[in-house]
Amino acid sequence: MTGVLAVGRRLGGYPEQPPKRLVRRFARRAGMSARRQSPGVRAAWPLAHFGFGAAYGAGYALAVRRSSASRGIAAGLGLWASSYLGWVPALGLLPPPQRDDPARAVTTFAAHVVYGAVLGVIAKPGTDLTQELTPHRRGQGGGRLRSSLAELHGERRGGDQRLR
């Protein structure tokens, strides 16, 4: 998604990627340095963007029982609509797409389509991206959370509890 935004910025000529602009506006409102090249902004905007996307993706993965690219695209466009037609203009961070720079409006839309397609594919049942990163036996680190979630959903497979 960030790659799509970077390409759109270069092709469209708008001054900065929307997530960076949002972080700068939040920083300004909080009384912090909001210069484009300040170390805080340069570090914060990719982390904020990744964190927001990861949190939304985790919510999607927990909420959707059967995922697909098309369902992911619908979720990505739902995120785009709620953000760029909703809270982002409501907070005065960016204008709504119909009043924004056309290149930025098209780019953010396309980026959310790409985000959604990838999300839909990786959130499919059986795609366990954490398999190698967290132990899955009961009571060990991140595996405890996964076991608890599996119990919550009442899904068991041969004694080993995993989310589908």
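Every number here is computed from the coordinates shown, using simple stated rules; none is lab data. Computed from a prediction, not measured in an experiment: that's the story for all the values here. In this analysis, Cβ positions are derived from the backbone assuming ideal geometry, glycine residues included, and neighbour counts consider all displayed protein chains.
Maximal additional length on extending the R25-D101 stretch stands at 25.6 nm, based on 0.36 nm per residue less the C-alpha distance. By the count of other C-beta atoms within 10 Å, a proxy for reagent exposure, M32, M1 are ordered fewest to most as M32, M1. Taking the alpha carbon gyration tensor of the range 54-110, multiplying each eigenvalue by 5 and rooting it gives semi-axes of 25, 13, 7 Å, largest first.
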